[in-house]
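Take a look at the structure set out below.
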Amino acid sequence: MTKVFLVSLGCPKNHVDSEVLLGILANDGLVLTSTLDEADVVIINTCAFIQEAVQESIEAILEAARAKGQGAINTLIVTGCLPQRYGEELVQSIPEVDLWTGTGDFLQIPQWLKKGGPRKLIGKPRYLYDHHTPRIITNTPHSAYVKIAEGCSHPCTFCLIPRLRGRYRSRELGSVIRETENLVARGVVEVTLVAQDTTAYGTDRGEEKGLYRLLKTLTKIEGLKWIRVLYSYPHPANFPPQLLDMVAGEERICPYLDIPIQHVDDTLLRRMGRRVSEKGIRRLVYRLKRAYPEIHLRTTLMVGFPGEGEREFRKLLDFVREVEFTHLGVFRYSPEEGTKASRMKGQIFSEIAEERAAQIMELQQGISWKRNKEMVGSIIPVLIDGVSVQPKGVPQGRTAFQAPEVDGVVHIKKGMAKIGETVTVKITQAGPYDLVGEIEERS
């Protein structure tokens, strides 16, 4: 029986693809292994959004290629964004790879393993999985990502996603609901909705209030405790009062929104192809805070974009200081071949972008620590994910305002709980990103 080991790289959206691929492989009778040493076949699901991701993908491929050269594995397959981006160039440069497939072609891998075929299967990205598609959850049995749409139709000048993933296409509402119901039946209590733009859900299908209708229906699923929304496009029109009222008033929807603003300087926003202004971003942020005082906002910024001078950077830094986001991440702009931004004048030295990113993260660390200190003494629900590495051996979980993998965690210094259980915790200590607490009582 052929044994397969999968390496998954990149974002949560790519993670869903990996879980779908595992489900398809297992459904076809292939044996899945947890280590390369046990495998006959290694599949690497790659990311190629920016050069750092490309480099990580290449290193993983070369490591597997060395294992193949030493006879440790028989077959090496690479799928995902890297083949979709570079295609024939990769086929020629890394002959150790037996098959390259694009972002919409990995469904063909089981058949290729049985019958063989060409070394390259890269078509236009049109695939969209549904609730019938086999899927194996790989993180924790109680928490899962649900991809509600694929692709992107926004014209951001720095981004390759439309080319790598195709135009935006939403799944049918009924399909998302049935998948979530299936996940809950398997023990999932938290779902995190992901897409390149979750607020655009349904718009490509001519549906009004798509995200509102989806969330409203999800809240009716018995056994589902937490619903989280990531990757929302930060335009005020994407958050009508009806949606905000429901999010604020529904306890199953986490008091958490992820709104990647990228920047606040109007000139840079126009050059980036972002369909929002500084005024629009400010209006949205403060509207969210007024309508929903308990909300925790996460954002993503980009520094070093062509034309970002010291004035523009200081403006961004001041905005971060003013708003005090709960969570924040920073990308250093990377001039990606094939994007409009890569051909713009005013390219910034990478060293300058590195320094700017460090300044923002230093500022954010202080903001996060201040906000966490304000949590000391509070009593909040915590979903237990597993056991902490540091401090070693104690339960570790997350609050409703901590998303899986990208945000901080809560270390439980007193009391024990099972993985997947929600417990009431009193916060006793705070660090820059993580919290420490004691279990009060079971919920």
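The values are calculated or read from the model by the stated rules, or taken from the named source; none is laboratory data. Please read all numbers here as calculations on a predicted model, not as lab measurements. Here the Cβ is made from the backbone with ideal geometry for all residues, glycine too, and neighbour counts use every protein chain on show.
Overview of results
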read-out: Given (1) acidic (D, E); (2) assigned to a helix (DSSP H, G or I); (3) within 22 Å of the chain's Cα centre (by Cα), number of the condition D318 does not satisfy; value: (3)
read-out: Of all residues making up the stretch 111-133, the number that are touching a helix residue (DSSP H, G or I) at 6+ places or on another chain (Cβ under 6 Å) and either part of a strand (DSSP E or B) or under 17 Å from F5 (Cα atoms) (or both); value: 2
read-out: Elements of type helices (runs of 4 or more DSSP H) in the stretch 1-90, at least 1 residues being surrounded by fewer than 15 Cβ atoms within 10 Å (Cβ to Cβ); value: 12-27, 51-69
read-out: Test: residue in the stretch 173-193 that is under 23 Å from I261 (Cβ atoms) and either of a type outside the set (F, W, Y) or in contact with a strand residue (DSSP E or B) (Cβ under 6 Å, 6 or more places away or on another chain) (or both); value: yes
read-out: Matching residues, the stretch 330-351, being in contact with a Leu (Cβ under 9 Å, 6 or more places away or on another chain) and touching a residue at least 60 places away in the same chain (Cβ under 8 Å); value: F331, E336, G338, T339
read-out: Any hit, the stretch 8-26, residues being modelled with pLDDT under 95 and farther than 30 Å from L230 by Cβ; value: no
read-out: Test: F313 is within 23 Å of the chain's Cα centre (by Cα) and either modelled with pLDDT of 95 or more or part of a helix (DSSP H, G or I) (or both); value: no
read-out: I352 assigned by TED's automatic domain parsing to the domain that holds Q429, in contact with a Gly (Cβ under 9 Å, 6 or more places away or on another chain) and of a type in the set (A, V, I, L, M, F, W, C); value: no
read-out: Among (1) at pLDDT 95 or above; (2) in contact with a His (Cβ under 9 Å, 6 or more places away or on another chain) - the single one T138 does not satisfy; value: (1)
read-out: The stretch 91-108, subset in contact with a Leu (Cβ under 7 Å, 6 or more places away or on another chain) and part of a helix (DSSP H, G or I), residue surrounded by the most Cβ atoms within 10 Å (Cβ to Cβ); value: F106
read-out: Test set (1) under 24 Å from N14 (Cα atoms); (2) assigned to a loop (DSSP other than H, G, I, E, B) - D385 fails condition number; value: (2)
read-out: Enumeration of residues in the stretch 368-415 that are more than 23 Å from the chain's Cα centre (by Cα), among the hydrophobic types (A, V, I, L, M, F, W, C) and over 15 Å from D434 (Cβ atoms); value: I379
read-out: Residue in the stretch 374-422 that is surrounded by the fewest Cβ atoms within 10 Å (Cβ to Cβ), counting only those that are over 22 Å from Y145 (Cα atoms) and among the β-branched types (V, I, T); value: V389
read-out: Qualifying residue in the stretch 313-329 (condition: free of Cβ contacts under 8 Å to residues at least 24 places away in the same chain, assigned by TED's automatic domain parsing to the domain that holds I360, surrounded by fewer than 21 Cβ atoms within 10 Å (Cβ to Cβ) and over 21 Å from I259 (Cβ atoms)); value: yes
read-out: Filter pass, K124 being of a type in the set (K, R) and under 30 Å from F158 (Cα atoms); value: yes
read-out: Residue check for V191: buried (at least 21 other Cβ atoms within 10 Å of the Cβ), among the aliphatic types (A, V, I, L, M) and in contact with a His (Cβ under 8 Å, 6 or more places away or on another chain); value: no
read-out: Index of the failed condition, I122 passing every other in (1) out of contact with any Leu (no Cβ under 8 Å at 6 or more places or on another chain); (2) under 21 Å from S34 (Cα atoms); (3) among the hydrophobic types (A, V, I, L, M, F, W, C); value: (2)
read-out: Filtered residues of the stretch 268-299 (kept if hydrophobic (A, V, I, L, M, F, W, C), buried (at least 20 other Cβ atoms within 10 Å of the Cβ) and not in a helix (DSSP H, G or I)); value: V276, L297
read-out: Yes/no for D258 being within 16 Å of K289 (Cα to Cα), touching a strand residue (DSSP E or B) at 6+ places or on another chain (Cβ under 9 Å) and in contact (Cβ under 8 Å) with a residue 24 or more places away in the chain; value: yes
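Each row is one residue, and each column tells you yes or no for (1) in contact (Cβ under 8 Å) with a residue 24 or more places away in the chain; (2) within 30 Å of I419 (Cβ to Cβ); (3) in contact with a helix residue (DSSP H, G or I) (Cβ under 8 Å, 6 or more places away or on another chain).
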site: P141; (1), (2), (3): yes, yes, no
site: C152; (1), (2), (3): yes, no, yes
site: C159; (1), (2), (3): yes, no, no
site: R165; (1), (2), (3): yes, no, yes
site: L173; (1), (2), (3): yes, no, yes
site: R178; (1), (2), (3): yes, yes, no
site: T199; (1), (2), (3): yes, no, yes
site: G206; (1), (2), (3): no, no, no
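Yes/no matrix, rows are residues, columns are (1) β-branched (V, I, T); (2) outside any loop (DSSP other than H, G, I, E, B):
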position: M361; (1), (2): no, yes
position: W369; (1), (2): no, yes
position: G377; (1), (2): no, no
position: I427; (1), (2): yes, yes
position: E440; (1), (2): no, yes
